[in-house]
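The values are calculated or read from the model by the stated rules, or taken from the named source; none is laboratory data. These numbers come from a predicted model, not from an experiment. Here the Cβ positions follow ideal geometry from the backbone for every residue, glycine too, while neighbour counts run over all protein chains shown. To get the accessible areas, we keep the full protein, side chains included, count just its heavy atoms, and leave off ligands, DNA and RNA. Shrake-Rupley method; radii C 1.70, N 1.55, O 1.52, S 1.80 Å.
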Amino acid sequence: MADNVEFNEPVEPIIDNFDLIFLCILGACTLLYFYRDTLFGSKKEPVDSQVSPTTTLKPAKPKKSKDFIKKMKETDKNVVMFFGSQTGTAEDYASRLAKEGQQRFGEPTDDAVEFWDLINSETPEFSKQIPIEDKPLSNLRFVIFGLGNKTYEHFNEVGKRTNAKFIEFGAKRIGEPGEGDDDGSLEEDFLGWKEDMWKAVCDEMGIDQNEVQSGARIPTYNITELEDCDIDQVYFGEHSEHALISNSDVPYDQRNPYPSKIINSRELFNSSDRNCIHMEFDIKDSGITYQSGDHVAIWPINPEQEVYRLLKVLGLWEKKDTIVTVESTDPSASKKHPFPVPTTYATIFRYYLDIHTPASRQFLATLASYAPTEEGKSKLTILGQDKETYKTEVMDAHLTLGEILEDISPNGKPLDTIPLDLIIETLPRLQSRYYSISSSPKVTPDTIHITASILTFNPISKSQKTVYGLATNYIHQVHRKLRNIQHPDNAPYYLYNGPRNKYYEEDNNNIKFAIHVRRSNFKLPKNPKTPIVMVGPGTGVAPFRGFIIERAKYKEEGYDLGDTVLFFGCRNSNIDFLYKNEFEELFNILGENSKLITAFSREQESKVYVQHRLLEHQKYIWDLIYTRAAQSCGEMSEEDATVYIKDLRSQGRYQEDVWS
C-alpha cells in the first residue's frame, strides 16, 4: 500500500505548514492535511471563497513523482486527503467531510490513497533528518473516525492502530476518536462525531464558528449538454473506455468488468416469503480465473421505476436521452469526471448513481433550502435534523431520494430548483455486489457459480410497502426471464438488455451480467489430508459447496483426505435445504470419515440451530473450531480458549468468510 506514497520532503518544512490531519478509516485511512494559516485564514488576509472543490488524486504512475507534497505545491493545493475504502463508504464520508470543510472554511482538497504500510513500517521515512524517537510529527494535530463492524473480533483495529501510531510519532489528537459500526447506525455514528469534531477543531485552532464564512454553494461539477457527439464514444452504462473498444486485450477486473453469459439458473427453493437462486456464469476465453473461496462481483443496475421517478421529479424526463458531459469545476483536478462521460441523463441514474439507497440525513438537510414550498422545506428540515424521525420515516421505511422528492413536489410538478450537480456530488456511485463463489475450478474452470438469497421485506414503519434488494432482485428478474416465468407487475423491473443492448440476445434468450473476481484468503488447506470443519447456515454454505466439490474430486482421483465435516442449518429440510441431493451424493463420494451434520430450526417444538449441533459433536471438533468446546474438552479457561482460537486464526486453521 505505502509503496504508492513516498515522503520526499524533509519534516521541518512539512510540519511547519501542516497543522491538522483528518483520518477516516475503513481498512485503510482517509486523511486531510490542513495548512493552518491558509485554511482558516490569517487575521490580516481573509480567505477567498471562490475556490475549487474536492478532487481526487490517484496513486502515481511509475514514471511520475510519488511526492504528494510536490504535487500540492504544483497545483496550489493546501489540503490533501488520503482514503481507503472497499465498499465506497469511507470514500463517501471523506468526500462529504472535504466538501463541508470547503464550505465552512473555503479551501479545496486533494485525495490520495494507501499509506498504511508506511506508518507501520519499522522505519517510516517522514524525514531523512528526524528519527522516530524524536517525534517527527510533534507539530501535527489530527482527528480520526474509524469505520468497521462490531461483529468482527478486531472492530476498528485499523483506526485504533493508526491513532496509536500518530501519537507515537508525536502528533496530537483533537477530540475523541470516532467509531462507526456498519452493523448498526453507521450514518448516525458519523454525523454525531462530525458535529463534535468541528467544534473541537475550531476550539483548538482558535476559530469562532460564528465568524466562519458560509458563502454561496460552490458547484462541484459543470454539466454540459452536447449536440454534436460521436455516438460510438458515448457511455450507455459501460464502466470503462475498454468496453467501447472491440477486441480490447485489457484484462477484466473491477475497473473493466466482463460481460459474462448466464449459462444456467435455477431456484433452490421458493416459499411464500423467500427465494434462493443458483446461477452460473460463463468465463471461458475471458482470461478470468478463480479459486474456490474467492468472491465474484456482480454489477447491478437501478430499477426502471426509480430511474423514471427521478427523471420526472427533476424535470429531466423529456430530455432523458440527451447526451451530457459532467466535469469537475476544478481545472487542476486529476479526477475530472465522477463517472464515464459523455453519457445521458437516463444512464446516469440507471447505471452510475446509487439511487436505490435511502438518502442520508445530511443530504436531506441540504436539500431543504431548495424545496419549492414552505411545507416541503419544513419536512426536509425535520428529516435532516431529527434523527429519530429520519430513522423511522426514511431509513426504516427505506425511502429513496426519488420517493422523498416526489412527496414534496407540489401537485406532481418537477423540482427544477434542485441542482443536478448537487445530486451527482452527493449520491454515492453504484457499487458492485459481492457473492461467495459456490463452485470449484478443479471441476468447472470455465464457469462460476453463485448462491443468492433474494432480499424482500416489508418495513415495520411502512408495512404496505415492499422493499426489494437491488442486486438480488436483478438476479431474480433475469432468472424469471431465462425460465420464461411471468414477472410480477409490482416487482422492480430492470433493463437487462444492458449497454447498447449487448447483454441480451433475444433469438436464443441469452442474458449477460457484468462481473469480476475478487481474490480471497478464505481457502482450503493446501494439504488434502488436513481435516476441515465447515459451518454454513443458509446461503452461508455457498463457499463450502465449492470446497466439498473440490475435496470430492480429489477423492475420486485417489487422494487420501482428512475428515470433511459440514454443519448446515436451515428452517425445514423439505423447503430450504440447499443442494440437499447434491450434498448427499458428494458426501457418499467422500466416504466414512466425512460428515454432513444438519440443524432444522422449525421441524420441532424447540428450535435447533447449528451451534447446538456443534456442542453435541464437541468431542470430535473441539480442537478445530469452537471456544466453548475448547473450554470443556480441552480443559481450558475461557481466556485460554480465546487465545487458542486466536492461535488457530493466525495459523490459518480457523477462517471466516465475511465482509460488510
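Residues in the range 542-555: is at least one among the small types (Gly, Ala, Ser), over 29 Å from Gln604 (Cβ atoms) and surrounded by fewer than 17 Cβ atoms within 10 Å (Cβ to Cβ)? Among the residues of the range 542-555, not one is among the small types (Gly, Ala, Ser), over 29 Å from Gln604 (Cβ atoms) and surrounded by fewer than 17 Cβ atoms within 10 Å (Cβ to Cβ), which makes the answer no.
Take Lys320 and decide whether it is within 30 Å of Asn256 (Cβ to Cβ), without any contact (Cβ under 8 Å) to a residue 24 or more places away in the chain and not hydrophobic (A, V, I, L, M, F, W, C). The answer is no for Lys320. Scanning the range 226-257 for residues that are surrounded by 13 or more Cβ atoms within 10 Å (Cβ to Cβ), among the acidic types (Asp, Glu) and not in a loop (DSSP other than H, G, I, E, B) yields Glu241, Asp253. Selection of the range 574-605 for residues being within 19 Å of Gly538 (Cβ to Cβ) and among the β-branched types (Val, Ile, Thr) yields Ile575, Ile597, Thr598. The residues of the range 384-412 that are of a type in the set (D, E, K, R), over 23 Å from the mean Cα position of the chain (by Cα) and in a helix (DSSP H, G or I), listed by number, are Lys387, Glu388, Glu393, Glu403, Glu406, Asp407. Against the conditions (1) open to solvent by less than 20 Å² (accessible area, probe 1.4 Å); (2) at pLDDT below 90, Ser260 satisfies every one except (2).
Just for the range 177-196: of the residues that are assigned to a loop (DSSP other than H, G, I, E, B) and among the small types (Gly, Ala, Ser), which one is surrounded by the most Cβ atoms within 10 Å (Cβ to Cβ)?
Within the range 177-196, the first condition is being assigned to a loop (DSSP other than H, G, I, E, B), and the residues that meet it are 177, 182-185.
Remaining after also requiring among the small types (Gly, Ala, Ser): 184-185.
On the way: Gly184: 12, Ser185: 15.
Checking each candidate, the answer is Ser185.
Residue check: is Arg217 in contact (Cβ under 8 Å) with a residue 40 or more places away in the chain, part of a helix (DSSP H, G or I) and charged (D, E, K, R)? Spelling it out, it is not the case that Arg217 is in contact (Cβ under 8 Å) with a residue 40 or more places away in the chain, part of a helix (DSSP H, G or I) and charged (D, E, K, R).
If only residues of the range 99-150 that are in a helix (DSSP H, G or I) and modelled with pLDDT of 70 or more are counted, the one that is surrounded by the fewest Cβ atoms within 10 Å (Cβ to Cβ) is Glu133. Within the range 503-515, being touching an Asp or Glu at 6+ places or on another chain (Cβ under 9 Å) and open to solvent by 10 Å² or more (accessible area, probe 1.4 Å) holds for one residue alone: Lys512. Here Ser271 does not qualify as over 30 Å from Asp657 (Cβ atoms) and open to solvent by 10 Å² or more (accessible area, probe 1.4 Å). Of the listed requirements (1) assigned to a loop (DSSP other than H, G, I, E, B); (2) buried (at least 19 other Cβ atoms within 10 Å of the Cβ), His278 misses just one: (1).
When the residues of the range 457-469 are narrowed to those that are touching a residue at least 24 places away in the same chain (Cβ under 8 Å) and open to solvent by 10 Å² or more (accessible area, probe 1.4 Å), which ends up nearest to the chain's Cα centre (by Cα)?
Tyr468
Taking the criterion of being touching a helix residue (DSSP H, G or I) at 6+ places or on another chain (Cβ under 6 Å) and part of a helix (DSSP H, G or I), the residues of the range 562-610 that qualify are Leu586, Ile589, Leu590. Taking the criterion of being surrounded by fewer than 21 Cβ atoms within 10 Å (Cβ to Cβ), of a type in the set (Asp, Glu) and not in a loop (DSSP other than H, G, I, E, B), would at least one residue in the range 352-361 satisfy it? Among the residues of the range 352-361, not one is surrounded by fewer than 21 Cβ atoms within 10 Å (Cβ to Cβ), of a type in the set (Asp, Glu) and not in a loop (DSSP other than H, G, I, E, B), which makes the answer no.
Do we find a residue being closer than 29 Å to Ser260 by Cβ, assigned to a strand (DSSP E or B) and basic (Lys, Arg) anywhere in the range 465-486? Checked the range 465-486: no residue is closer than 29 Å to Ser260 by Cβ, assigned to a strand (DSSP E or B) and basic (Lys, Arg). I'm trying to understand the selection: among the residues of the range 281-316, which are out of contact with any strand residue (DSSP E or B) (no Cβ under 7 Å at 6 or more places or on another chain), without any contact (Cβ under 8 Å) to a residue 40 or more places away in the chain and of a type in the set (Ser, Thr, Tyr)? Of everything in the range 281-316, just one residue is out of contact with any strand residue (DSSP E or B) (no Cβ under 7 Å at 6 or more places or on another chain), without any contact (Cβ under 8 Å) to a residue 40 or more places away in the chain and of a type in the set (Ser, Thr, Tyr), namely Tyr308.
Would you call Ile223 open to solvent by 40 Å² or more (accessible area, probe 1.4 Å), among the hydrophobic types (A, V, I, L, M, F, W, C) and out of contact with any helix residue (DSSP H, G or I) (no Cβ under 7 Å at 6 or more places or on another chain)? In short, no.
Residue by residue through the range 433-449, note down the ones that are in a strand (DSSP E or B) and closer than 10 Å to Tyr290 by Cα.
Those that are in a strand (DSSP E or B) and closer than 10 Å to Tyr290 by Cα: Ile437, Thr447, Ile448.
Close Cβ contacts (under 7 Å, 6 or more residues apart or on different chains) running from residues in the range 599-621 that are under 9 Å from Arg571 (Cα atoms) to residues that are assigned to a helix (DSSP H, G or I) and open to solvent by less than 80 Å² (accessible area, probe 1.4 Å) comprise Ala599/Val610; Ala599/His612; Ala599/Arg613. Please determine whether any residue of the range 363-379 is touching a residue at least 60 places away in the same chain (Cβ under 8 Å) and either in contact with a helix residue (DSSP H, G or I) (Cβ under 7 Å, 6 or more places away or on another chain) or in a helix (DSSP H, G or I) (or both). Taking every residue of the range 363-379 in turn, at least one turns out to be touching a residue at least 60 places away in the same chain (Cβ under 8 Å) and either in contact with a helix residue (DSSP H, G or I) (Cβ under 7 Å, 6 or more places away or on another chain) or in a helix (DSSP H, G or I) (or both).
Between Arg217, Arg173, the distinction of being of a type in the set (Lys, Arg), closer than 30 Å to Ser332 by Cα and within 29 Å of the chain's Cα centre (by Cα) belongs to Arg217 only. Residues satisfying the criterion are absent from the range 522-533 (criterion: modelled with pLDDT of 95 or more and open to solvent by 30 Å² or more (accessible area, probe 1.4 Å)).
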